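Below is one structure, written out as C-alpha coordinates; the observations come after it.
The values are calculated or read from the model by the stated rules, or taken from the named source; none is laboratory data. As the structure is a prediction and not an experimental result, all values here were calculated from the model. All Cβ positions, even for glycine, are placed from backbone atoms using ideal geometry, and neighbour counts span all protein chains on display. Remember, those area values only see protein heavy atoms, side chains included, never the ligands or the DNA or RNA. Shrake-Rupley method; radii C 1.70, N 1.55, O 1.52, S 1.80 Å.
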Amino acid sequence: MDRETNRKFYLETFGCQMNVVDSERIVDLLQGIGYRQVEAADEADLILLNTCSIRDKAERKVYGHLGRFKPLKDRNPGLILGVGGCVAQQEGERLLEKVRYLDLVFGTHNIHKLPDMVQEVEGRRVRRIETEFLDRETRLQLFPKRAVGDTVSRFVTVMQGCDNFCSYCVVPHVRGREVSRPSDEILAEVCELAAGGVREITLIGQNVNSYGRKEPGEVSFADLLRRVHEVDGVERIRFTTSHPRDLSDELIDCFGDLEKLCKHINLPVQSGSDRILEMMNRGYTGQDYLAKVARLKAACPQIRLTSDIIVGFPGETENDFAATLELMEEVGYADVFSFLYSSRPQTAAAQMPDSLSAKAKQDRFDRLLALQEKISRQTWAQDVGRVLPVLVEGESRQGGDQIFGRTTWNRIVNFQGEKTLVGQVVPVRITTDFRNSQLGEAA
Ligand code: SAH
Ligand code: SF4
Ligand code: F3S
(Lines give C-alpha, C1' and ligand atoms only; values in the text may rest on other atoms or scores of the structure.)
(Ligands and ions follow the chains in the order given, each with its own letter.)
Protein backbone atom coordinates (compact mmCIF):
# COMPACT_ATOMS: atom_id res chain seq x y z
CA MET A 1 0.00 0.00 0.00
CA ASP A 2 1.18 3.49 -0.75
CA ARG A 3 2.46 4.90 2.50
CA GLU A 4 1.69 8.47 1.55
CA THR A 5 -2.00 8.07 0.82
CA ASN A 6 -2.59 7.32 4.50
CA ARG A 7 -1.12 10.52 5.74
CA LYS A 8 -3.35 13.12 7.31
CA PHE A 9 -2.89 16.81 8.00
CA TYR A 10 -4.62 19.26 10.26
CA LEU A 11 -4.52 22.95 9.38
CA GLU A 12 -5.65 25.91 11.45
CA THR A 13 -5.90 29.40 9.95
CA PHE A 14 -5.77 32.74 11.78
CA GLY A 15 -5.94 36.34 10.56
CA CYS A 16 -7.23 37.95 7.40
CA GLN A 17 -8.42 36.90 3.93
CA MET A 18 -4.81 36.68 2.70
CA ASN A 19 -4.28 33.79 5.07
CA VAL A 20 -7.57 32.18 4.08
CA VAL A 21 -6.44 32.16 0.45
CA ASP A 22 -2.94 30.98 1.39
CA SER A 23 -4.47 28.13 3.37
CA GLU A 24 -6.46 26.98 0.35
CA ARG A 25 -3.18 26.85 -1.52
CA ILE A 26 -1.60 24.86 1.33
CA VAL A 27 -4.45 22.34 1.15
CA ASP A 28 -3.92 21.94 -2.62
CA LEU A 29 -0.20 21.46 -2.26
CA LEU A 30 -0.45 18.92 0.55
CA GLN A 31 -3.11 16.95 -1.31
CA GLY A 32 -0.65 16.91 -4.20
CA ILE A 33 1.81 14.90 -2.09
CA GLY A 34 -0.83 12.48 -0.86
CA TYR A 35 -2.02 14.09 2.36
CA ARG A 36 -5.69 14.18 3.33
CA GLN A 37 -7.18 16.94 5.50
CA VAL A 38 -8.74 15.98 8.86
CA GLU A 39 -10.77 18.01 11.33
CA ALA A 40 -9.16 16.70 14.53
CA ALA A 41 -5.55 17.49 15.40
CA ASP A 42 -5.05 14.24 17.31
CA GLU A 43 -5.67 12.18 14.15
CA ALA A 44 -3.04 14.03 12.13
CA ASP A 45 0.52 13.14 11.06
CA LEU A 46 1.15 16.76 10.20
CA ILE A 47 -0.17 19.81 12.06
CA LEU A 48 0.18 23.27 10.52
CA LEU A 49 -0.77 26.68 11.87
CA ASN A 50 -1.15 29.55 9.40
CA THR A 51 -0.63 32.49 11.71
CA CYS A 52 -1.38 36.21 12.12
CA SER A 53 0.73 38.76 13.94
CA ILE A 54 -1.34 41.94 13.48
CA ARG A 55 -1.66 42.40 17.26
CA ASP A 56 0.25 40.96 20.17
CA LYS A 57 -2.76 38.90 21.24
CA ALA A 58 -2.88 37.17 17.85
CA GLU A 59 0.80 36.32 18.13
CA ARG A 60 0.49 34.95 21.65
CA LYS A 61 -2.34 32.70 20.51
CA VAL A 62 0.15 30.80 18.35
CA TYR A 63 2.31 29.89 21.33
CA GLY A 64 -0.81 28.86 23.23
CA HIS A 65 -1.84 26.53 20.42
CA LEU A 66 1.59 25.04 20.01
CA GLY A 67 1.60 24.26 23.73
CA ARG A 68 -1.64 22.35 23.27
CA PHE A 69 -0.02 20.17 20.59
CA LYS A 70 3.04 19.33 22.72
CA PRO A 71 1.40 16.29 24.40
CA LEU A 72 0.47 14.92 20.95
CA LYS A 73 4.06 15.27 19.87
CA ASP A 74 5.27 13.55 23.06
CA ARG A 75 2.97 10.61 22.36
CA ASN A 76 3.82 10.43 18.67
CA PRO A 77 7.39 11.51 17.86
CA GLY A 78 6.64 10.98 14.13
CA LEU A 79 4.16 13.85 14.22
CA ILE A 80 5.30 16.86 12.20
CA LEU A 81 4.50 20.30 13.57
CA GLY A 82 4.83 23.43 11.43
CA VAL A 83 4.13 27.16 11.58
CA GLY A 84 3.54 29.40 8.56
CA GLY A 85 2.14 32.85 7.88
CA CYS A 86 2.90 36.20 9.45
CA VAL A 87 4.26 35.07 12.83
CA ALA A 88 6.57 32.65 11.02
CA GLN A 89 7.75 35.50 8.79
CA GLN A 90 8.27 37.83 11.73
CA GLU A 91 9.96 35.41 14.11
CA GLY A 92 11.87 33.11 11.72
CA GLU A 93 14.70 31.24 13.50
CA ARG A 94 13.52 32.53 16.86
CA LEU A 95 10.45 30.32 16.57
CA LEU A 96 12.62 27.22 16.19
CA GLU A 97 14.68 28.34 19.19
CA LYS A 98 11.69 29.12 21.37
CA VAL A 99 9.70 26.02 20.47
CA ARG A 100 12.13 23.10 20.59
CA TYR A 101 9.58 20.56 19.34
CA LEU A 102 8.69 22.54 16.22
CA ASP A 103 9.76 20.90 12.91
CA LEU A 104 9.13 23.50 10.24
CA VAL A 105 8.70 27.21 9.73
CA PHE A 106 7.63 28.72 6.40
CA GLY A 107 7.21 32.42 5.66
CA THR A 108 4.56 34.24 3.64
CA HIS A 109 6.52 33.99 0.38
CA ASN A 110 7.48 30.34 0.79
CA ILE A 111 4.25 28.38 0.67
CA HIS A 112 5.22 26.76 -2.64
CA LYS A 113 8.19 25.13 -0.89
CA LEU A 114 5.97 23.34 1.61
CA PRO A 115 5.76 19.95 -0.20
CA ASP A 116 9.55 19.66 -0.38
CA MET A 117 9.97 20.80 3.19
CA VAL A 118 7.41 18.32 4.51
CA GLN A 119 8.97 15.44 2.59
CA GLU A 120 12.42 16.30 3.86
CA VAL A 121 11.24 16.44 7.44
CA GLU A 122 9.37 13.14 6.97
CA GLY A 123 12.31 11.29 5.56
CA ARG A 124 15.19 12.63 7.55
CA ARG A 125 13.68 14.12 10.71
CA VAL A 126 15.51 17.40 10.18
CA ARG A 127 14.09 20.79 11.12
CA ARG A 128 13.45 23.09 8.16
CA ILE A 129 12.94 26.83 7.81
CA GLU A 130 12.28 29.07 4.78
CA THR A 131 11.43 32.72 5.36
CA GLU A 132 13.11 34.53 2.50
CA PHE A 133 11.25 37.22 0.59
CA LEU A 134 11.11 36.61 -3.17
CA ASP A 135 11.66 39.11 -5.98
CA ARG A 136 8.60 40.44 -7.77
CA GLU A 137 8.94 38.34 -10.94
CA THR A 138 8.96 35.13 -8.95
CA ARG A 139 6.05 36.31 -6.84
CA LEU A 140 4.01 37.16 -9.90
CA GLN A 141 4.59 33.65 -11.23
CA LEU A 142 3.61 32.11 -7.92
CA PHE A 143 0.40 34.06 -7.33
CA PRO A 144 -2.00 31.59 -5.79
CA LYS A 145 -4.08 29.97 -8.54
CA ARG A 146 -7.44 28.88 -7.26
CA ALA A 147 -8.96 25.49 -7.79
CA VAL A 148 -12.66 25.74 -8.65
CA GLY A 149 -14.57 25.25 -5.42
CA ASP A 150 -18.18 24.53 -4.68
CA THR A 151 -19.04 27.70 -2.76
CA VAL A 152 -21.28 30.55 -3.85
CA SER A 153 -18.83 33.21 -2.74
CA ARG A 154 -15.06 33.28 -3.30
CA PHE A 155 -12.05 35.51 -2.68
CA VAL A 156 -9.82 36.41 -5.61
CA THR A 157 -6.42 37.91 -4.81
CA VAL A 158 -5.59 40.99 -6.87
CA MET A 159 -2.50 42.15 -5.04
CA GLN A 160 -0.14 41.08 -2.30
CA GLY A 161 1.99 42.97 0.18
CA CYS A 162 1.77 46.60 1.21
CA ASP A 163 3.98 49.66 0.73
CA ASN A 164 2.09 52.04 2.98
CA PHE A 165 4.00 51.60 6.21
CA CYS A 166 1.32 52.92 8.51
CA SER A 167 3.40 53.46 11.62
CA TYR A 168 1.57 50.92 13.78
CA CYS A 169 1.33 48.11 11.23
CA VAL A 170 3.34 44.93 10.85
CA VAL A 171 1.89 43.95 7.45
CA PRO A 172 4.53 45.59 5.20
CA HIS A 173 7.19 43.82 7.28
CA VAL A 174 5.63 40.37 7.16
CA ARG A 175 4.08 40.43 3.66
CA GLY A 176 6.75 42.40 1.81
CA ARG A 177 6.40 44.87 -1.04
CA GLU A 178 3.22 45.46 -2.96
CA VAL A 179 2.71 43.55 -6.22
CA SER A 180 -0.40 43.60 -8.38
CA ARG A 181 -1.41 40.55 -10.31
CA PRO A 182 -1.96 41.02 -14.07
CA SER A 183 -5.60 41.91 -14.78
CA ASP A 184 -5.90 39.29 -17.54
CA GLU A 185 -5.03 36.57 -15.04
CA ILE A 186 -7.54 37.90 -12.54
CA LEU A 187 -10.23 37.98 -15.22
CA ALA A 188 -9.42 34.45 -16.34
CA GLU A 189 -9.79 33.23 -12.77
CA VAL A 190 -13.08 35.08 -12.28
CA CYS A 191 -14.46 33.58 -15.52
CA GLU A 192 -13.44 30.10 -14.44
CA LEU A 193 -15.01 30.52 -11.00
CA ALA A 194 -18.23 31.92 -12.48
CA ALA A 195 -18.44 29.02 -14.93
CA GLY A 196 -18.01 26.67 -11.98
CA GLY A 197 -21.00 28.17 -10.16
CA VAL A 198 -19.48 30.95 -8.06
CA ARG A 199 -21.88 33.93 -7.89
CA GLU A 200 -20.09 36.40 -5.64
CA ILE A 201 -16.50 37.53 -6.10
CA THR A 202 -14.61 39.43 -3.41
CA LEU A 203 -11.43 41.00 -4.76
CA ILE A 204 -8.86 41.08 -1.98
CA GLY A 205 -5.58 42.78 -1.16
CA GLN A 206 -4.17 44.91 1.67
CA ASN A 207 -4.92 48.06 -0.30
CA VAL A 208 -6.89 47.25 -3.46
CA ASN A 209 -7.36 50.95 -4.23
CA SER A 210 -3.75 51.22 -5.35
CA TYR A 211 -4.09 48.19 -7.64
CA GLY A 212 -1.96 48.42 -10.76
CA ARG A 213 -0.44 51.82 -10.01
CA LYS A 214 3.07 50.43 -9.90
CA GLU A 215 2.73 48.16 -12.93
CA PRO A 216 3.35 49.96 -16.22
CA GLY A 217 0.35 49.68 -18.56
CA GLU A 218 -1.91 48.00 -16.01
CA VAL A 219 -5.55 49.10 -15.65
CA SER A 220 -6.83 50.97 -12.58
CA PHE A 221 -8.81 49.22 -9.88
CA ALA A 222 -11.99 50.92 -11.10
CA ASP A 223 -11.37 49.51 -14.60
CA LEU A 224 -10.70 46.10 -13.15
CA LEU A 225 -14.08 46.27 -11.39
CA ARG A 226 -15.77 47.22 -14.65
CA ARG A 227 -14.21 44.24 -16.38
CA VAL A 228 -15.23 41.83 -13.62
CA HIS A 229 -18.72 43.35 -13.86
CA GLU A 230 -19.00 42.12 -17.47
CA VAL A 231 -18.41 38.47 -16.56
CA ASP A 232 -21.53 36.37 -17.09
CA GLY A 233 -22.60 34.45 -14.03
CA VAL A 234 -21.09 36.89 -11.55
CA GLU A 235 -24.03 38.36 -9.63
CA ARG A 236 -22.21 40.28 -6.95
CA ILE A 237 -18.84 41.95 -6.48
CA ARG A 238 -17.18 43.10 -3.28
CA PHE A 239 -13.65 44.24 -2.49
CA THR A 240 -11.49 44.69 0.57
CA THR A 241 -9.54 46.54 1.91
CA SER A 242 -9.54 50.17 0.81
CA HIS A 243 -7.11 52.83 1.88
CA PRO A 244 -9.02 56.16 2.08
CA ARG A 245 -6.11 58.11 0.57
CA ASP A 246 -6.22 55.98 -2.59
CA LEU A 247 -10.00 55.94 -3.03
CA SER A 248 -10.34 57.69 -6.40
CA ASP A 249 -13.38 59.54 -7.77
CA GLU A 250 -13.40 56.99 -10.57
CA LEU A 251 -13.78 54.20 -8.02
CA ILE A 252 -16.41 56.11 -6.06
CA ASP A 253 -18.45 56.44 -9.28
CA CYS A 254 -18.45 52.64 -9.65
CA PHE A 255 -20.83 52.45 -6.68
CA GLY A 256 -23.35 54.47 -8.69
CA ASP A 257 -22.68 52.81 -12.07
CA LEU A 258 -22.10 49.13 -11.43
CA GLU A 259 -25.23 47.27 -10.51
CA LYS A 260 -23.43 44.13 -9.35
CA LEU A 261 -21.14 46.03 -6.99
CA CYS A 262 -22.50 45.61 -3.46
CA LYS A 263 -23.42 48.85 -1.74
CA HIS A 264 -20.97 48.43 1.11
CA ILE A 265 -17.43 49.60 1.62
CA ASN A 266 -15.05 49.02 4.51
CA LEU A 267 -13.05 52.24 4.59
CA PRO A 268 -10.80 52.11 7.66
CA VAL A 269 -10.35 55.57 9.17
CA GLN A 270 -8.22 54.45 12.17
CA SER A 271 -8.66 57.80 13.97
CA GLY A 272 -10.60 61.05 13.67
CA SER A 273 -7.73 63.22 14.90
CA ASP A 274 -5.47 64.88 12.31
CA ARG A 275 -2.56 64.82 14.74
CA ILE A 276 -2.87 61.07 15.27
CA LEU A 277 -3.51 60.38 11.57
CA GLU A 278 -0.26 62.18 10.81
CA MET A 279 1.63 60.13 13.41
CA MET A 280 0.06 57.02 11.92
CA ASN A 281 1.40 58.05 8.47
CA ARG A 282 -2.06 57.62 6.92
CA GLY A 283 -1.78 60.45 4.39
CA TYR A 284 -5.21 62.07 4.92
CA THR A 285 -6.98 64.31 7.43
CA GLY A 286 -10.38 63.85 9.02
CA GLN A 287 -11.77 66.42 6.55
CA ASP A 288 -10.26 64.58 3.55
CA TYR A 289 -11.90 61.42 4.78
CA LEU A 290 -15.29 63.04 5.34
CA ALA A 291 -15.15 64.59 1.86
CA LYS A 292 -14.70 61.10 0.34
CA VAL A 293 -17.57 59.77 2.43
CA ALA A 294 -19.78 62.62 1.19
CA ARG A 295 -18.87 61.75 -2.42
CA LEU A 296 -19.63 58.08 -1.82
CA LYS A 297 -23.05 58.93 -0.39
CA ALA A 298 -23.75 61.30 -3.29
CA ALA A 299 -22.77 58.68 -5.89
CA CYS A 300 -24.77 55.96 -4.13
CA PRO A 301 -27.31 57.10 -1.53
CA GLN A 302 -27.97 53.58 -0.22
CA ILE A 303 -24.28 52.83 0.50
CA ARG A 304 -23.32 51.74 4.03
CA LEU A 305 -19.86 52.12 5.43
CA THR A 306 -17.89 50.14 7.96
CA SER A 307 -14.50 51.03 9.42
CA ASP A 308 -11.49 49.94 11.44
CA ILE A 309 -10.49 52.16 14.36
CA ILE A 310 -7.50 51.97 16.68
CA VAL A 311 -7.97 53.19 20.25
CA GLY A 312 -5.04 54.31 22.40
CA PHE A 313 -2.40 55.00 19.75
CA PRO A 314 0.77 56.37 21.47
CA GLY A 315 0.14 59.93 22.64
CA GLU A 316 -3.62 59.88 21.96
CA THR A 317 -5.23 62.57 24.15
CA GLU A 318 -8.81 62.87 25.29
CA ASN A 319 -9.26 65.53 22.58
CA ASP A 320 -7.92 63.22 19.88
CA PHE A 321 -10.28 60.53 21.03
CA ALA A 322 -13.23 62.95 21.07
CA ALA A 323 -12.47 63.74 17.41
CA THR A 324 -12.75 60.03 16.60
CA LEU A 325 -16.16 59.77 18.28
CA GLU A 326 -17.31 62.88 16.44
CA LEU A 327 -16.25 61.49 13.08
CA MET A 328 -18.02 58.20 13.82
CA GLU A 329 -21.28 60.06 14.43
CA GLU A 330 -20.85 62.17 11.34
CA VAL A 331 -20.28 59.15 9.06
CA GLY A 332 -22.84 56.93 10.77
CA TYR A 333 -21.00 53.64 10.25
CA ALA A 334 -23.08 50.48 10.00
CA ASP A 335 -20.37 48.69 11.99
CA VAL A 336 -16.90 49.41 13.31
CA PHE A 337 -14.08 46.96 13.99
CA SER A 338 -12.25 48.56 16.89
CA PHE A 339 -8.89 47.55 18.29
CA LEU A 340 -6.78 48.55 21.26
CA TYR A 341 -3.43 49.72 19.96
CA SER A 342 -0.80 46.99 20.18
CA SER A 343 2.91 47.72 19.80
CA ARG A 344 4.44 45.63 16.98
CA PRO A 345 8.08 44.76 16.31
CA GLN A 346 9.87 46.68 13.53
CA THR A 347 7.17 49.39 13.34
CA ALA A 348 7.80 53.13 13.73
CA ALA A 349 5.09 53.56 16.38
CA ALA A 350 6.86 51.05 18.63
CA GLN A 351 9.43 53.82 19.26
CA MET A 352 6.84 56.46 20.17
CA PRO A 353 6.35 57.32 23.85
CA ASP A 354 3.15 55.78 25.16
CA SER A 355 2.22 56.88 28.67
CA LEU A 356 -1.52 56.30 28.76
CA SER A 357 -2.55 53.66 31.31
CA ALA A 358 -4.17 50.43 30.21
CA LYS A 359 -7.22 51.41 32.22
CA ALA A 360 -7.63 54.73 30.42
CA LYS A 361 -7.33 52.97 27.06
CA GLN A 362 -9.91 50.41 28.03
CA ASP A 363 -12.22 53.16 29.20
CA ARG A 364 -12.01 54.87 25.79
CA PHE A 365 -12.50 51.57 24.06
CA ASP A 366 -15.69 50.90 26.05
CA ARG A 367 -17.04 54.36 25.24
CA LEU A 368 -16.37 53.84 21.55
CA LEU A 369 -18.13 50.47 21.61
CA ALA A 370 -21.15 51.96 23.36
CA LEU A 371 -21.47 54.76 20.82
CA GLN A 372 -21.09 52.39 17.87
CA GLU A 373 -23.63 49.99 19.36
CA LYS A 374 -26.17 52.82 19.33
CA ILE A 375 -25.37 53.84 15.72
CA SER A 376 -25.35 50.22 14.47
CA ARG A 377 -28.73 49.50 16.02
CA GLN A 378 -30.25 52.53 14.34
CA THR A 379 -28.78 51.52 10.98
CA TRP A 380 -29.79 47.89 10.95
CA ALA A 381 -33.22 48.47 12.48
CA GLN A 382 -34.15 50.36 9.27
CA ASP A 383 -34.14 47.01 7.45
CA VAL A 384 -36.97 45.48 9.47
CA GLY A 385 -40.14 45.26 7.37
CA ARG A 386 -38.28 45.82 4.10
CA VAL A 387 -37.88 43.27 1.31
CA LEU A 388 -34.19 42.92 0.44
CA PRO A 389 -32.40 40.83 -2.20
CA VAL A 390 -30.42 38.05 -0.51
CA LEU A 391 -27.81 35.88 -2.23
CA VAL A 392 -28.33 32.43 -0.71
CA GLU A 393 -25.09 30.75 0.37
CA GLY A 394 -26.15 27.54 2.10
CA GLU A 395 -27.88 25.84 4.98
CA SER A 396 -28.17 27.96 8.09
CA ARG A 397 -26.16 27.17 11.19
CA GLN A 398 -29.42 27.74 13.08
CA GLY A 399 -30.58 24.32 11.84
CA GLY A 400 -34.20 23.49 11.05
CA ASP A 401 -35.19 24.15 7.45
CA GLN A 402 -33.37 27.45 7.44
CA ILE A 403 -31.02 28.67 4.79
CA PHE A 404 -28.85 31.76 4.92
CA GLY A 405 -27.47 34.43 2.66
CA ARG A 406 -26.38 38.05 2.71
CA THR A 407 -27.86 41.39 1.80
CA THR A 408 -25.92 43.87 -0.30
CA TRP A 409 -24.62 45.32 3.00
CA ASN A 410 -23.04 41.97 3.87
CA ARG A 411 -25.47 41.30 6.72
CA ILE A 412 -26.31 37.60 7.24
CA VAL A 413 -30.03 36.76 6.91
CA ASN A 414 -31.50 33.42 8.04
CA PHE A 415 -34.88 32.32 6.66
CA GLN A 416 -37.00 29.24 5.87
CA GLY A 417 -36.32 28.01 2.38
CA GLU A 418 -35.37 25.17 0.05
CA LYS A 419 -31.73 24.26 -0.41
CA THR A 420 -32.30 24.50 -4.17
CA LEU A 421 -32.18 28.29 -3.73
CA VAL A 422 -28.45 28.18 -2.96
CA GLY A 423 -26.66 30.38 -5.47
CA GLN A 424 -29.76 32.47 -6.26
CA VAL A 425 -30.64 36.03 -5.31
CA VAL A 426 -34.10 35.94 -3.69
CA PRO A 427 -36.30 38.62 -2.14
CA VAL A 428 -36.56 38.28 1.64
CA ARG A 429 -38.66 40.33 4.04
CA ILE A 430 -36.58 41.15 7.15
CA THR A 431 -38.56 40.45 10.32
CA THR A 432 -36.01 40.76 13.14
CA ASP A 433 -32.61 42.36 13.54
CA PHE A 434 -30.24 40.63 15.96
CA ARG A 435 -26.83 41.95 16.91
CA ASN A 436 -24.94 40.04 14.19
CA SER A 437 -27.56 38.73 11.81
CA GLN A 438 -31.14 39.17 10.70
CA LEU A 439 -34.14 36.88 10.49
CA GLY A 440 -36.46 37.03 7.51
CA GLU A 441 -39.10 35.23 5.46
CA ALA A 442 -39.19 34.58 1.72
CA ALA A 443 -41.24 37.36 0.11
N1 SAH B 1 -4.81 46.67 4.97
C2 SAH B 1 -5.87 46.98 5.82
C3 SAH B 1 -5.65 46.66 7.26
C4 SAH B 1 -5.23 45.31 7.65
S5 SAH B 1 -5.05 45.12 9.35
C6 SAH B 1 -6.09 48.44 5.74
O7 SAH B 1 -5.18 49.20 5.56
O8 SAH B 1 -7.22 48.82 5.91
C9 SAH B 1 -6.70 45.30 9.95
C10 SAH B 1 -6.83 46.35 11.01
O11 SAH B 1 -6.09 46.01 12.15
C12 SAH B 1 -6.32 47.71 10.65
O13 SAH B 1 -7.20 48.44 9.85
C14 SAH B 1 -6.12 48.35 12.00
O15 SAH B 1 -7.29 48.99 12.45
C16 SAH B 1 -5.82 47.17 12.89
N17 SAH B 1 -4.42 47.17 13.31
C18 SAH B 1 -3.33 47.05 12.53
N19 SAH B 1 -2.21 47.13 13.27
C20 SAH B 1 -2.60 47.32 14.56
C21 SAH B 1 -1.91 47.49 15.81
N22 SAH B 1 -0.58 47.50 15.85
N23 SAH B 1 -2.65 47.63 16.93
C24 SAH B 1 -4.00 47.64 16.89
N25 SAH B 1 -4.70 47.49 15.74
C26 SAH B 1 -4.01 47.33 14.59
FE1 SF4 C 1 -1.11 48.03 7.39
FE2 SF4 C 1 -1.48 50.48 6.51
FE3 SF4 C 1 -0.77 48.57 4.81
FE4 SF4 C 1 -3.22 48.54 5.86
S5 SF4 C 1 -2.37 50.11 4.50
S6 SF4 C 1 -1.82 46.81 5.67
S7 SF4 C 1 -2.86 49.34 7.92
S8 SF4 C 1 0.47 49.37 6.48
FE1 F3S D 1 -2.66 39.05 10.15
FE2 F3S D 1 -0.85 38.72 8.30
FE3 F3S D 1 -3.35 39.25 7.62
S4 F3S D 1 -0.58 39.83 10.17
S5 F3S D 1 -4.10 40.47 9.33
S6 F3S D 1 -2.66 37.43 8.64
S7 F3S D 1 -1.49 39.94 6.58
Legend entry - Those residues of segment 199-241 which are part of a loop (DSSP other than H, G, I, E, B), under 20 Å from Glu259 (Cβ atoms) and either not assigned by TED's automatic domain parsing to the domain that holds Thr157 or not hydrophobic (A, V, I, L, M, F, W, C) (or both), in sequence order: Arg199, Ser220, Glu230, Asp232, Gly233, Glu235
Inset, instruction - Mind listing whichever residues of segment 41-80 are in contact with a helix residue (DSSP H, G or I) (Cβ under 7 Å, 6 or more places away or on another chain), part of a helix (DSSP H, G or I) and open to solvent by less than 60 Å² (accessible area, probe 1.4 Å)? - result: Ala41, Glu59, Val62, Phe69, Leu72
Inset, instruction - Scan segment 407-441 for residues that are in contact (Cβ under 8 Å) with a residue 40 or more places away in the chain and part of a strand (DSSP E or B) and report the count. - result: 10
Legend entry - Residue count, segment 156-184 (criterion: surrounded by 16 or more Cβ atoms within 10 Å (Cβ to Cβ), within 16 Å of ligand 3 (Cβ to nearest atom) and under 20 Å from Glu218 (Cβ atoms)): 11
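Among the candidates Gln287, Gln302, which residue alone is open to solvent by 70 Å² or more (accessible area, probe 1.4 Å) and either part of a helix (DSSP H, G or I) or within 14 Å of ligand 1 (Cβ to nearest atom) (or both)? Break it down into steps so the answer makes sense when it comes.
On the way: Gln302 fails: either part of a helix (DSSP H, G or I) or within 14 Å of ligand 1 (Cβ to nearest atom) (or both).
After applying the criteria, what remains is Gln287.
One line per residue, one yes/no per condition, for (1) in contact with a Ser or Thr (Cβ under 6 Å, 6 or more places away or on another chain); (2) touching a residue at least 12 places away in the same chain (Cβ under 8 Å); (3) of a type in the set (D, E, K, R); (4) more than 16 Å from ligand 1 (Cβ to nearest atom):
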| residue | (1), (2), (3), (4) |
| --- | --- |
| Arg128 | no, yes, yes, yes |
| Phe133 | no, yes, no, yes |
| Ser153 | no, yes, no, yes |
| Thr157 | no, yes, no, no |
| Gly161 | no, yes, no, no |
| Arg175 | yes, yes, yes, no |
| Arg181 | no, yes, yes, yes |
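Among the residues of segment 240-254 satisfying the criterion of being charged (D, E, K, R) and closer than 14 Å to Gln206 by Cβ, which is least open to solvent (accessible area, probe 1.4 Å)? Show your work before the answer.
First pass over segment 240-254, keeping only residues charged (D, E, K, R): 245-246, 249-250, 253.
Now narrow it down to the ones that are closer than 14 Å to Gln206 by Cβ: 245-246.
Working: Arg245: 86, Asp246: 16 Å².
Only one residue fits best here, namely Asp246.
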Inset, instruction - Could you please tell me which pairs satisfy a Cβ distance under 9 Å, a separation of 6+ or placement on different chains, a first residue in segment 346-358 that is of a type in the set (Val, Ile, Thr), and a second residue that is exposed (fewer than 15 other Cβ atoms within 10 Å of the Cβ)? - result: Thr347/Phe165
Inset, instruction - Inspect segment 382-389 for any residue being within 23 Å of Gly286 (Cβ to Cβ), surrounded by 15 or more Cβ atoms within 10 Å (Cβ to Cβ) and more than 12 Å from ligand 1 (Cβ to nearest atom) and give the result as yes or no. - result: no
Legend entry - Breaking point among (1) in a loop (DSSP other than H, G, I, E, B); (2) within 16 Å of ligand 3 (Cβ to nearest atom); (3) open to solvent by less than 40 Å² (accessible area, probe 1.4 Å), for Arg139: (1)
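Looking at Lys145, is it open to solvent by 20 Å² or more (accessible area, probe 1.4 Å), part of a loop (DSSP other than H, G, I, E, B), under 29 Å from Ala350 (Cβ atoms) and away from ligand 1 (no atom under 16 Å from the Cβ)? Lay out the reasoning, then the answer.
Values: open to solvent by 20 Å² or more (accessible area, probe 1.4 Å): yes; part of a loop (DSSP other than H, G, I, E, B): yes; under 29 Å from Ala350 (Cβ atoms): no; away from ligand 1 (no atom under 16 Å from the Cβ): yes.
So Lys145 does not fit the description; no.
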Legend entry - Scope segment 135-149; condition touching a residue at least 12 places away in the same chain (Cβ under 8 Å) and closer than 18 Å to Phe106 by Cβ; matching residues: Arg139, Leu142, Phe143, Pro144
